[in-house]
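The values are calculated or read from the model by the stated rules, or taken from the named source; none is laboratory data. Here the structure is a predicted model, which means the values were calculated and not measured. Virtual Cβ from ideal backbone geometry, glycine too; neighbours counted across all protein chains shown.
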């Protein structure tokens, strides 16, 4: 079941770089007529964009276009663009990372409503937070509460660099509120949760790599990342918990984006582009898109509706509020809990 929402969204230069063709634009950005597109994305988009780019190149607008691609932790990627990493398109994990680009004058302030925003207010991909476990689920993990049991070892990215980490932690924290608990109850849960965290890798992709390499019993991840891992042969299972959080990833153009980059973003927003993403495990933005997804728990019904689907806007007051409340570098609830756990 796909999810359609119109809600407003809620320094290392690169983590990994892949090149297709060559870039010819100046350091300040691509000229409007350039046939080269520089894409800067959060880590889990590296594999997902392969098919999307290949299909775009088959279109009239994509013929002869070359791509320069950079992928890494979303927060690091945003800081890299601010520091001068060339980008026509920035496809990041969450709104606060785009806000960094707006504040730096790299992206227009009307990115949610302007000509390039598309039909979903600047959202380009979406997913939900899931719990990834070893094949056969040997610990019998079913809900968020199981993660605080003695001996359960959790892997989740570091919220200091990774956007996916923020989605993950808010999903875990928010399930307490969704079940009628208070903020104090949720903070108590967070303390117990963090005691069981054994690794805080720099990005969502790094966290998956660590888990596949044998670290931990449980990985918190995007649903699409779990599906992609299974498509690639990883010996894991995943659970969509009864209460989880809708993940929405913005895709924006910089002020110097080339005309080819504008065409590419339109393709990504199109039914074909969204179908490509859906086949790789992202929940489509169009309700009409129905796909069979290899690697999903049920390939014929790959996107089941959770019992309670939380959103940043409805349950956390939007990203502007949530980022300060939970992740402020000094006073954030999660920041303080991480420091108290000795794992900041």
**Study point:** Matching option when the condition is assigned to a loop (DSSP other than H, G, I, E, B) and either at pLDDT 95 or above or buried (at least 22 other Cβ atoms within 10 Å of the Cβ) (or both), among 205, 150
**Key:** 150
Exercise for review: Tally the residues that are surrounded by fewer than 20 Cβ atoms within 10 Å (Cβ to Cβ) and not in a helix (DSSP H, G or I), restricting the search to region 218-235.
Suggested key: 4
Practice item. Report those helices (runs of 4 or more DSSP H) wholly inside region 250-344 carrying at least 1 residues which are under 30 Å from residue 88 (Cα atoms) and within 20 Å of the chain's Cα centre (by Cα). Key: 259-269, 271-279, 312-316, 319-327
Review point. Which condition number in (1) under 19 Å from the mean Cα position of the chain (by Cα); (2) closer than 25 Å to residue 230 by Cα is the one that residue 89 fails?
Key: (2)
Review point. Right, residue 109: under 21 Å from residue 163 (Cα atoms) and either over 21 Å from the mean Cα position of the chain (by Cα) or surrounded by fewer than 18 Cβ atoms within 10 Å (Cβ to Cβ) (or both) or not?
Key: yes
Review point. Quick one: is residue 52 within 18 Å of residue 264 (Cβ to Cβ) and touching a strand residue (DSSP E or B) at 6+ places or on another chain (Cβ under 8 Å)?
Key: no
Check your understanding: Given the structure, is residue 157 crowded, with 21+ Cβ neighbours inside 10 Å and assigned to a loop (DSSP other than H, G, I, E, B)?
Key -> yes
Study note, to complete from the structure: Residues in region 118-147 that are closer than 21 Å to residue 320 by Cα and surrounded by 18 or more Cβ atoms within 10 Å (Cβ to Cβ) total 9
